[in-house]
Amino acid sequence: TAAQRRNFRGKSIAYIAQSAAASFNPAMTLMDQVCEAPVVHGVMTRPEAEAYARKLFRILQLPNPDTIGDRYPHQVSGGQLQRAMAAMAMSCRPDIIVLDEPTTALDVTTQIEVLALLRDLIREFGTAGLYITHDLAVVAQIAHRIMVLRHGKTVEVGDAQQVLEARRGYDPEFAMRCFHQIE
């Protein structure tokens with residue numbers, strides 16, 4: 001039913017979109033948006049959700065984690081907004097998080113920082129991450145396993161290093177440099 005799907009989304013599975021700027025409500029503070037799902041799903045009370053949001057803000061290395069939630073989306077940088085979106089996705093402690101090219105809109109330096117933080121966040125909370133991208137250099141930095149699709153069909157699947165080394169027309173030395181870039 002629709003109610004079951006709604007309960008499942010956000011609570012058991014969460015999503016980090018490609019464009020955080022387009023995903024946030026400009027009329028609500030970051031804290032209100034991060035706390036909305038856990039309160040609506042009955043996972044936490046509002047005070048518990050706020051405390052957990054501040055913890056996520058700290059883990060995601062947002063500046064002034066105790067007060068950044070008082071800001072509106074237009075009052076933070078793109079990298080900070082992307083990290084706030086990660087906090088929003090993790091606010092219900094989901095089992096699975098779907099990352100849809102969440103660093104595409106960021107500059108390369110910020111992209112590397114955000115990828116490292118997302119990787120650490122997923123690892124710390126024991127959440128499964130499904131990273132959707134066309135950028136194999138990004139995949140090399142974050143994935144343990146890779147599935148390559150072409151026209152919706154599986155072409156390759158395996159450990160990240162194995163798949164990247166076996167890719168025809170792909171530079172394995174470049175892939176190995178990517179593996180070590182954010183470690």
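The values are calculated or read from the model by the stated rules, or taken from the named source; none is laboratory data. No experiment lies behind these values; they were computed from the predicted model shown. When we count neighbours, we look across all protein chains shown, and the Cβ atoms used for this are built from the backbone with ideal geometry, even at glycine. What goes into the accessible areas is simple: the full protein's heavy atoms, side chains included, and nothing from ligands, DNA or RNA. Shrake-Rupley method; radii C 1.70, N 1.55, O 1.52, S 1.80 Å.
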Residue check for Gln33: under 19 Å from the mean Cα position of the chain (by Cα) and at pLDDT 95 or above
yes
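Just a yes or no: is a residue in the range 108-118 of a type outside the set (Gly, Ala, Ser) and within 16 Å of Asp32 (Cα to Cα)? Walk me through it before giving the result.
As a first pass, look at the range 108-118 and keep what is of a type outside the set (Gly, Ala, Ser): 108-115, 117-118.
Remaining after also requiring within 16 Å of Asp32 (Cα to Cα): none.
No, the range 108-118 contains no residue that is of a type outside the set (Gly, Ala, Ser) and within 16 Å of Asp32 (Cα to Cα).
Could you list all residues from the range 138-149 that are open to solvent by less than 80 Å² (accessible area, probe 1.4 Å) and closer than 20 Å to Leu121 by Cα?
Val138, Val139, Ala140, Gln141, Ile142, Ala143, Ile146
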Within the range 124-155, the residues that are part of a strand (DSSP E or B) and touching a residue at least 24 places away in the same chain (Cβ under 8 Å) are Ala128, Gly129, Leu130, Tyr131, Ile132
Flagged in the range 1-28 as within 18 Å of Leu130 (Cβ to Cβ), at pLDDT 85 or above and part of a helix (DSSP H, G or I), in numbering order, are Ser23
>> Within the range 29-40, does at least one residue satisfy the condition of being without any contact (Cβ under 8 Å) to a residue 24 or more places away in the chain and small (Gly, Ala, Ser)?
In response: no
Query raised in the report: Is at least one residue of the range 73-93 touching a Cys at 6+ places or on another chain (Cβ under 8 Å) and either over 23 Å from Gly126 (Cβ atoms) or not in a helix (DSSP H, G or I) (or both)?
Result: yes
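Residue-by-condition table, conditions (1) open to solvent by less than 50 Å² (accessible area, probe 1.4 Å); (2) over 8 Å from the mean Cα position of the chain (by Cα):
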{"residue": "Gln75", "(1), (2)": "no, yes"}
{"residue": "Gln80", "(1), (2)": "yes, yes"}
{"residue": "Ala84", "(1), (2)": "yes, yes"}
{"residue": "Met90", "(1), (2)": "yes, yes"}
{"residue": "Ile97", "(1), (2)": "yes, no"}
{"residue": "Thr103", "(1), (2)": "yes, yes"}
{"residue": "Leu106", "(1), (2)": "yes, yes"}
{"residue": "Thr110", "(1), (2)": "yes, yes"}
{"residue": "Leu118", "(1), (2)": "yes, no"}
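Got at least one residue in the range 107-123 being over 16 Å from Gly79 (Cβ atoms), touching a residue at least 12 places away in the same chain (Cβ under 8 Å) and part of a strand (DSSP E or B)?
There is no residue in the range 107-123 that is over 16 Å from Gly79 (Cβ atoms), touching a residue at least 12 places away in the same chain (Cβ under 8 Å) and part of a strand (DSSP E or B).
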Within the range 150-165, residues being surrounded by 11 or more Cβ atoms within 10 Å (Cβ to Cβ) and more than 15 Å from Val139 (Cβ to Cβ) number 0
